[in-house]
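J.: Below is the structure I would like to discuss, written out as structure tokens.
The values are calculated or read from the model by the stated rules, or taken from the named source; none is laboratory data. Note that the coordinates shown come from a computational prediction; the quantities given were computed from them, not determined experimentally. Methodologically, a virtual Cβ is constructed for each residue, glycine included, from the backbone with ideal geometry; neighbour enumeration extends over all protein chains shown.
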Amino acid sequence: MSVKYEKFIVRQGENITKDINLIKDPIKFVQRIIEIKDQSDDLISTVFNKDIDLILARDNSFSIVLNHFDKTPLNLAISTDYEMKRGIKGLKPEEYEKRFQ
């Protein structure tokens with residue numbers, strides 16, 4: 001099952017890296033990657049009782065996706081810069097942690 005799950009996430013990631021609208025908008029690109037990661041975390045946690053094989057498959061698949069797309073470092077830097085400029089004033093600790101996880 002972990003191999004299929006890994007392939008599933010890689011396909012989702014490839015779809016993101018091929019989406020012209022996301023490629024043109026680094027902030028949306030990173031947000032979409034984070035959404036998939038959050039969905040994956042929730043699924044593994046609630047349905048599969050934090051199965052270690054699925055966790056490792058998830059981590060490996062995200063590594064494949066992020067390392068495959070050559071603009072990932074730039075997109076991450078732009079997104080982080082945007083978040084920092086947007087500011088952290090007034091954020092509750094859990095909001096801060098979620099934003100910068």
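J.: Can you go through Asn67, Asn60, Asn49 and tell me which one is modelled with pLDDT of 95 or more, closer than 30 Å to Met1 by Cα and not β-branched (Val, Ile, Thr)?
T.: Among Asn67, Asn60, Asn49, only Asn60 is modelled with pLDDT of 95 or more, closer than 30 Å to Met1 by Cα and not β-branched (Val, Ile, Thr).
J.: What are the pairs, 6+ residues apart or on separate chains, where a residue within segment 47-68 that is of a type in the set (Phe, Trp, Tyr) has its Cβ under 6 Å from a residue that is surrounded by 15 or more Cβ atoms within 10 Å (Cβ to Cβ) and part of a helix (DSSP H, G or I)?
T.: Listed by first residue and then by second, the contacts come to Phe48/Leu54.
J.: Condition test on Ser79, is it within 14 Å of Tyr5 (Cα to Cα) and either under 14 Å from the mean Cα position of the chain (by Cα) or touching a residue at least 60 places away in the same chain (Cβ under 8 Å) (or both)?
T.: No.
J.: Do we find that Ile34 is at pLDDT 90 or above, buried (at least 16 other Cβ atoms within 10 Å of the Cβ) and either more than 17 Å from the chain's Cα centre (by Cα) or among the hydrophobic types (A, V, I, L, M, F, W, C) (or both) in this structure?
T.: Spelling it out, it is not the case that Ile34 is at pLDDT 90 or above, buried (at least 16 other Cβ atoms within 10 Å of the Cβ) and either more than 17 Å from the chain's Cα centre (by Cα) or among the hydrophobic types (A, V, I, L, M, F, W, C) (or both).
J.: Applying the selection to segment 24-53, what residues are out of contact with any helix residue (DSSP H, G or I) (no Cβ under 7 Å at 6 or more places or on another chain) and not polar (S, T, N, Q)?
T.: Of everything in segment 24-53, those that are out of contact with any helix residue (DSSP H, G or I) (no Cβ under 7 Å at 6 or more places or on another chain) and not polar (S, T, N, Q) turn out to be Lys24, Asp25, Ile34, Glu35, Asp38, Asp41, Asp42, Leu43, Val47, Ile52.
J.: Tell me which of these Tyr96 doesn't satisfy, since it passes every other one: (1) more than 12 Å from the chain's Cα centre (by Cα); (2) farther than 18 Å from Gln31 by Cβ.
T.: Looking at each condition in turn, Tyr96 falls short on (2).
J.: While we're here: Looking for something surrounded by 12 or more Cβ atoms within 10 Å (Cβ to Cβ) and touching a Leu at 6+ places or on another chain (Cβ under 8 Å) - is there at least one such residue anywhere in segment 40-55?
T.: yes
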